[in-house]
1. So G308 fits all but one of (1) touching a Pro at 6+ places or on another chain (Cβ under 8 Å); (2) not charged (D, E, K, R); (3) not in a helix (DSSP H, G or I); what number is the exception?
2. So if I check each of A373, A349, A357, which one is among the small types (G, A, S), closer than 20 Å to P166 by Cβ and in the same structural domain as L450 (by TED's automatic domain parsing)?
3. From W239, W258, grab the single residue that is without any contact (Cβ under 8 Å) to a residue 24 or more places away in the chain and farther than 23 Å from I455 by Cβ.
4. Hand me the list of helices (runs of 4 or more DSSP H) wholly inside the stretch 146-203 holding 1 or more residues that are at pLDDT below 80 and hydroxyl-bearing (S, T, Y).
5. Would the stretch 259-275 turn up any residue that is surrounded by 21 or more Cβ atoms within 10 Å (Cβ to Cβ) and part of a helix (DSSP H, G or I)?
6. If you go through the stretch 215-240, how many residues are surrounded by fewer than 23 Cβ atoms within 10 Å (Cβ to Cβ), at pLDDT 85 or above and of a type in the set (S, T, N, Q)?
7. Any idea which of V389, V421, V426 is in the same structural domain as S473 (by TED's automatic domain parsing), closer than 21 Å to S459 by Cα and out of contact with any helix residue (DSSP H, G or I) (no Cβ under 8 Å at 6 or more places or on another chain)?
8. Determine whether W212 is out of contact with any Pro (no Cβ under 9 Å at 6 or more places or on another chain) and surrounded by 14 or more Cβ atoms within 10 Å (Cβ to Cβ).
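The values are calculated or read from the model by the stated rules, or taken from the named source; none is laboratory data. Given the structure is predicted, the values throughout are model-derived calculations rather than measurements. Positions of Cβ are generated from backbone atoms using ideal geometry, with glycine treated the same way; all protein chains shown enter the neighbour counts.
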Amino acid sequence: MASEQTEATKPATLSPQERRAIRIIPYIVGCALFMQMLDSTVVATALPTMALSLDTSVIRMNTIITSYLLAVAVFVPISGWAADRFGARKVFLAAILLFTASSVACALSQTLPQLIISRVIQGMAGAMMVPVGRIILLRRVPKDELLSAMAVLTLPALLGPIIGPPVGGFLVTYASWHWIFLINIPVGVLGIALVLRYIREDYPTERPPLDWLGFILSAICLATLVTSFENVGHGTISWATLGWLTLAGLVAGAWYIWHARQVAYPIIDLSLLRTKTFAISVLGGNLCRFSLGASPFLLAIMLQTNFGMSALSAGLITFTGAIGALGMKLVAPPIIRRYGFRKVLIVNAWLTGLFIALCAMFQATTPMWLMIAVLTAGGFFRSLQFTAVNTLTYADLESEAMSQASSFAAMAQQLAISLGVACAAVTLNVSMALRGASSVETQDTIWAFLILGAITAISSLSFARLSASDGESLQKK
């Protein structure tokens, strides 16, 4: 397999058919990522309607979100091992097929337990689908084309949380909640067809046995922390329970760190952090990712609860951030090649944070064109930031480390997005407590946006540790 990877990184040896396949791979993986990101955000809008249909409470319905997130968190670390053990193409294809089939099972569910089981299976498939798809991209796309490939792959991660709420609102209003799962079918079928057509078979590599203790410890750590972060502010779990869950996660995490130093092949390879560009990208990039889940969460509260907009109207306004993200796809690679990763990441961290903070100025009387302008510009700079950081993450890693690196990065991203939503929820609760209020008002979301913007800007301190030459191999045309 090593020889196959070496050949794939030499553009001169590639046939026209192979070159075409390389150009299409980012779009194939992007389809899978979009399907997962859309599915993870569209469900929240439909919870009240689903609760009525399944004859249960909205609070109990929240378990279908939690169960999905837990399954993703638990199985993400094993994705790299599975790709090496069984072959990345086989695992990727099986994951898309399972995700699509479980989406059908979700739509056909007649009871809450049936829906929860289907969502767990869907989460398991999602945990394998995106990291393994990224492994295929990293192995097949030459490094001098990785920047353009990552510009394509960044879009679904940004568009999913933005498109999810309006799509969910539209389907629930004009169709039925079942369609929020059925829309995955055509995307899944298209993904399977493209994988079979354009991604050639690879072969399993010799891998050591699965690190079962490491898998169990990482599963406990991620499951408890993600559960804690996701339930902050929901009121479904007491603060005492959240505290114990967080403590259990931290203890399991500390135990795993000790364990990883004792074994030759840990399931999550912490030695990857010795690579400077990987470590900086994970830390700084995940501070930026706080906004990925938190911004749509805060905008939904501000526009619907505070300004009295409908879910569909609010979703259409937040959707304008996608316009900026789409516009950045074409210009991100030239900008990064012109100014370099270090300068772009430092300056753009401040710009991204600024446009997040500017959302704090929104009032019910703010002209709609001004809201749209701020959100469009914010989507533009956020897309540039994630394109740069996602590419730099793998700049200095050898091909044999890509499986572990993809799993590690996916795990860190899952925690960062959950922690970002938790940070926003805690800020809202603290602001309400200081006012002695029981409901969210505009001034509460102001503080949340300001803090979120500051966290994003602070990520520039991590990127300042880069040298001007870091990522040079990725900037060649």
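1. The single condition G308 does not satisfy is (1).
2. Result: A373 is the single residue among A373, A349, A357 that is among the small types (G, A, S), closer than 20 Å to P166 by Cβ and in the same structural domain as L450 (by TED's automatic domain parsing).
3. Unique residue meeting the criteria: W258.
4. 146-174
5. The answer is no, given that none of the residues of the stretch 259-275 is surrounded by 21 or more Cβ atoms within 10 Å (Cβ to Cβ) and part of a helix (DSSP H, G or I).
6. Result for the stretch 215-240: 0.
7. None of the others qualify; the one that does is V426.
8. Judged against the criteria, W212 is not a match.
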